[in-house]
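The values are calculated or read from the model by the stated rules, or taken from the named source; none is laboratory data. Source: prediction; values computed, not measured. Note that we place each Cβ from the backbone using ideal geometry, even for glycine, and neighbour counts take in every protein chain shown. We work out accessible area using only protein heavy atoms, side chains counted, and drop any ligands, DNA or RNA first. Shrake-Rupley method; radii C 1.70, N 1.55, O 1.52, S 1.80 Å.
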Amino acid sequence: MRLMMVNSTSSYFILSTYLNVGTLKYLYFMLTAVLYIVIITANTSLIVVICMNRSLHEPMYLFLCSLTGLFPFLLVQILSDIHTVSASLCFLQIFCLYTYANVEFSNLAVMSYDRYLAICYPLQYNTRMTTNKAFILIIVVWLYCCVRFLITLSLNIRLTLCGNTINSLYCDNYIVVKLACSDIKVNNIYGLFSISLSILVPLVLILFSYMRILKVCFSGSKQTRQKAVSTCTPHLTSLLNFSFGCCFEILQSRFDMTSVPSVLCIILSLYFVIIQPLLNPVMYGLQMSKIRNTCKHVLRYKINLLSTRLSN
C-alpha cells in the first residue's frame, strides 16, 4: 500500500460515510442550510440579548455566550460529488471540533459549579462568583483546551499514514491516528492523559456540585427545591444531551461500525454536531426567566415601534 505523508501538499483524505443520493443532495443541502441558519440566528440572538441587557451581565449568562458550535464543512461536502478533504483542512477541522467539544464540556462543568454557589450560598454568591471571575474562567477554559489539543495535533501531524480513508462524515482524530504506519506509542500515552484531563476533571466538578445541590434540596425548604429545579433543568438537559452525543461519537470512532446501517451512523454523527448548538439557546431561552422576559420586552418594544410608524 502506498505511503502517504500527511504534511505533503498533495495529501488528502476520503470521507467514506457519505452516500450517493443523486439530485436529492440539493434537498439535503437546503435542509442543512436552513438548520444552520437557525442555529446561527438562535445562538447569536442569545448572545446579543445577554450582551445588550445589563441585568444579564451575570456569570451564569456570560458562560452561555461560549456554548456555541458550527458545521459549515457539511454544506460543502453535501454538494460535492467527490467527498475528499485535504490533510491540512482535515487537521484544522479536527482541531475545531475537538476544541469545541472540550470547551463545551468544561463550560458545562464551570456552570454546574456556578449553580452550586447560587443555590448553596445565595447570600455570598455575588462575592464568590463575580463578573470578572466569570470572564477569567471563560478565557482560561478556552486557552487550556486550545493549547492542550494543539499538542495532540502536533503529535498527529508528524505521523506517516498508510491509508487515507476515513469512515466518518468529518475528520476524526482517533480514526486518523489508526491509519498510521509509524510508531504511535507517544500519541496513545498522551491521548489517554488528555482524555483523562478532559473528562475526569470536569466530571469531578460536576458530580461535586450536584451532590452538594441535592444535599441542600433534601434538607431545604420547598422554595429552595423549586429554585434548584428551575435553575438546574436547562443545564442538566444540555449536559445529558452533550454527553449522549459524545458517547455516540466515541463509539463510532473506537469500534468497527461496518455492520451498522450507514444511515444510522450518519444520524449519530449529525446528532453530535447539530443538536447541542440548537438545544442550548432553546433550553436557556425558554427556561431562564431573565432571558425570556428580556426577549419578550425587546419583541414588545419592536412591535410597538412598528405600530407607531405605521399609524403615522
Where a residue in region 187-198 is under 23 Å from L161 (Cα atoms) and its partner, wherever it lies, is among the aromatic types (F, W, Y) and part of a helix (DSSP H, G or I), with Cβ under 9 Å and at least six apart:
G191/Y174; S194/F149
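Kindly evaluate V141 against the criterion of being hydrophobic (A, V, I, L, M, F, W, C), open to solvent by less than 60 Å² (accessible area, probe 1.4 Å) and either touching a helix residue (DSSP H, G or I) at 6+ places or on another chain (Cβ under 8 Å) or on the phi > 0 side of the Ramachandran plot (or both). Give the derivation first.
Values: hydrophobic (A, V, I, L, M, F, W, C): yes; open to solvent by less than 60 Å² (accessible area, probe 1.4 Å): yes; either touching a helix residue (DSSP H, G or I) at 6+ places or on another chain (Cβ under 8 Å) or on the phi > 0 side of the Ramachandran plot (or both): yes.
Yes; evaluated as a whole, the condition is true for this residue.
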Of the residues that make up region 97-106, is at least one surrounded by 15 or more Cβ atoms within 10 Å (Cβ to Cβ), modelled with pLDDT of 80 or more and touching a Pro at 6+ places or on another chain (Cβ under 6 Å)?
yes
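So, in region 111-120, of the ones that are farther than 12 Å from K227 by Cβ and in contact with a Lys or Arg (Cβ under 6 Å, 6 or more places away or on another chain), which residue ends up surrounded by the most Cβ atoms within 10 Å (Cβ to Cβ)? Even if it seems obvious, please write down each step before you answer.
First, the residues of region 111-120 that are farther than 12 Å from K227 by Cβ: 111-114, 116-117.
Restricting the remaining residues to those that are in contact with a Lys or Arg (Cβ under 6 Å, 6 or more places away or on another chain) gives 116-117.
Values: Y116: 22, L117: 19.
Per the criteria, the residue is Y116.
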Scanning region 119-139 residue by residue, those without any contact (Cβ under 8 Å) to a residue 12 or more places away in the chain and more than 17 Å from the chain's Cα centre (by Cα) turn out to be Y121, P122, L123, Q124, Y125, N126, T127, R128, N132, I136
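To keep it simple, each residue is scored yes or no on (1) part of a helix (DSSP H, G or I); (2) within 30 Å of P122 (Cβ to Cβ); (3) in contact with a His (Cβ under 9 Å, 6 or more places away or on another chain); (4) of a type in the set (G, A, S).
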{"site": "C217", "(1), (2), (3), (4)": "yes, yes, no, no"}
{"site": "V229", "(1), (2), (3), (4)": "yes, yes, no, no"}
{"site": "F248", "(1), (2), (3), (4)": "yes, no, no, no"}
{"site": "S253", "(1), (2), (3), (4)": "yes, no, no, yes"}
{"site": "L264", "(1), (2), (3), (4)": "yes, no, no, no"}
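Among G191, G163, which is more than 20 Å from F272 (Cα to Cα) and in a loop (DSSP other than H, G, I, E, B)? Walk me through how you get there before you give the answer.
Values: G191 fails: in a loop (DSSP other than H, G, I, E, B).
Criteria check complete, one pass: G163.
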Exception for T127 within (1) surrounded by 15 or more Cβ atoms within 10 Å (Cβ to Cβ); (2) of a type in the set (V, I, T); (3) in a helix (DSSP H, G or I) falls at (1)
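Would you mind stating whether S55 is assigned to a helix (DSSP H, G or I), farther than 23 Å from L240 by Cβ, open to solvent by 50 Å² or more (accessible area, probe 1.4 Å) and at pLDDT below 70?
Details: assigned to a helix (DSSP H, G or I): yes; farther than 23 Å from L240 by Cβ: yes; open to solvent by 50 Å² or more (accessible area, probe 1.4 Å): yes; at pLDDT below 70: yes.
Yes: the conditions hold for S55.
Suppose the filter is closer than 23 Å to T44 by Cα, at pLDDT 65 or above and part of a helix (DSSP H, G or I); does L279 pass it? Before you say what the answer is, go through the steps one by one.
Numbers: closer than 23 Å to T44 by Cα: yes; at pLDDT 65 or above: yes; part of a helix (DSSP H, G or I): yes.
Answer is yes for this residue.
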Can you work out which of the residues in region 1-52 that are open to solvent by 60 Å² or more (accessible area, probe 1.4 Å), among the hydrophobic types (A, V, I, L, M, F, W, C) and within 22 Å of the chain's Cα centre (by Cα) is modelled with the lowest pLDDT?
C51
Unique match (being buried (at least 16 other Cβ atoms within 10 Å of the Cβ) and either in a helix (DSSP H, G or I) or modelled with pLDDT under 85 (or both)) among S238, S182:
S238
Of the criteria (1) more than 20 Å from the chain's Cα centre (by Cα); (2) assigned to a loop (DSSP other than H, G, I, E, B), which one L169 fails
(1)
Region 202-235 - residue that is open to solvent by 50 Å² or more (accessible area, probe 1.4 Å) and under 23 Å from C145 (Cα atoms) and, of those, farthest from the chain's Cα centre (by Cα):
F208
Answer yes or no as to whether I206 is touching a residue at least 40 places away in the same chain (Cβ under 8 Å) and either touching a Gly at 6+ places or on another chain (Cβ under 7 Å) or within 19 Å of Q252 (Cβ to Cβ) (or both).
no
